[in-house]
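Encoded as structure tokens, the structure appears first; notes follow it.
The values are calculated or read from the model by the stated rules, or taken from the named source; none is laboratory data. Just so we're clear, the structure is a prediction, and the values are computed from it rather than from any experiment. We place every Cβ from the backbone using ideal geometry, glycine too, and count neighbours over all the protein chains shown. Heavy atoms of the whole protein, side chains included, go into the accessibility calculation; ligands, DNA and RNA do not. Shrake-Rupley method; radii C 1.70, N 1.55, O 1.52, S 1.80 Å.
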Amino acid sequence: MDELRERILDTALALGERQGWDAVHLHDIARELGIEVADIRRHFDQKDAIAEAWFDRADAALLAAPQAPGWRELPVRERLHRAIFAWLDALAPHRRLTAQMLRYKLQPEHLHLQALGLTRISRTVQWIREAALLPAVGWRRELEEAALTAMYVTTFAFWLNDDSPGAERTHAL
């Protein structure tokens, strides 16, 4: 990924941690980095695109999980668990901010972000399927995707509010 793009994302995350996601403005990120808003525009067409880049990082961590030795030999249930937690663990350093990003997306005037959020859920579920090496096709795949989507959304929502050490309660879920 482009170095400036990564710096923009990291700066947005740092600002979000200090002042809350709703208070993060592109002009503040530009000022922090000593660049122009137009420089940000070349990488992110809106603030929500920065949030999406944060979730892209989690997707990358998810897709790195199968590189672990012995991955293919693990039971499917364990591969699913590890894949989902690779994603969650990538978000963990900014869990509170991640929740704020989601609340921002769910504001009534952000219908366009909510529609994109459904696409994000579907895409991440597909990456989980691939990482877990799920082979189903046809109607079995459709049922599997529906069940996996429910499991993923439930786990993510639970994790966002899990203050147990190492997200132990979410692991147990």
**Residues located in the range 22-37, provided they are open to solvent by 60 Å² or more (accessible area, probe 1.4 Å) and outside any loop (DSSP other than H, G, I, E, B)** = D22, H27, R31, E32, V37
**Prompt:** Is there a residue being in contact with a Pro (Cβ under 6 Å, 6 or more places away or on another chain) and either open to solvent by less than 10 Å² (accessible area, probe 1.4 Å) or outside any helix (DSSP H, G or I) (or both) anywhere in the range 122-131?
**Reply:** yes
**Asked** Of all residues in the range 1-34, which are touching a residue at least 24 places away in the same chain (Cβ under 8 Å), more than 20 Å from L106 (Cα to Cα) and not basic (K, R)?
**Response** D2, L4, I8, L9, L33
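May I ask you to say which residue of R96, R57, R82 is basic (K, R) and within 16 Å of A132 (Cβ to Cβ)?
After ruling out the rest, the residue left standing is R82.
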**Item:** Hits in the range 105-117 (condition: within 19 Å of W159 (Cβ to Cβ) and open to solvent by 40 Å² or more (accessible area, probe 1.4 Å))
**Value:** L106
**Message:** Kindly evaluate L134 against the criterion of being closer than 16 Å to A51 by Cβ and either surrounded by 14 or more Cβ atoms within 10 Å (Cβ to Cβ) or touching an Asp or Glu at 6+ places or on another chain (Cβ under 6 Å) (or both).
**Reply:** no
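Taking the conditions exactly as written (open to solvent by less than 40 Å² (accessible area, probe 1.4 Å) and touching a Pro at 6+ places or on another chain (Cβ under 9 Å)), does A61 satisfy them or not?
In short, no.
May I ask you to say which residue of R79, R18, R103, R7 is charged (D, E, K, R), at pLDDT below 95 and assigned to a helix (DSSP H, G or I)?
R103
For P93, are the conditions met, namely being free of Cβ contacts under 8 Å to residues at least 12 places away in the same chain and within 26 Å of H171 (Cβ to Cβ)?
yes
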**Message:** Consider the range 38-58. How many of its residues are among the charged types (D, E, K, R), under 20 Å from the mean Cα position of the chain (by Cα) and open to solvent by less than 40 Å² (accessible area, probe 1.4 Å)?
**Reply:** 3
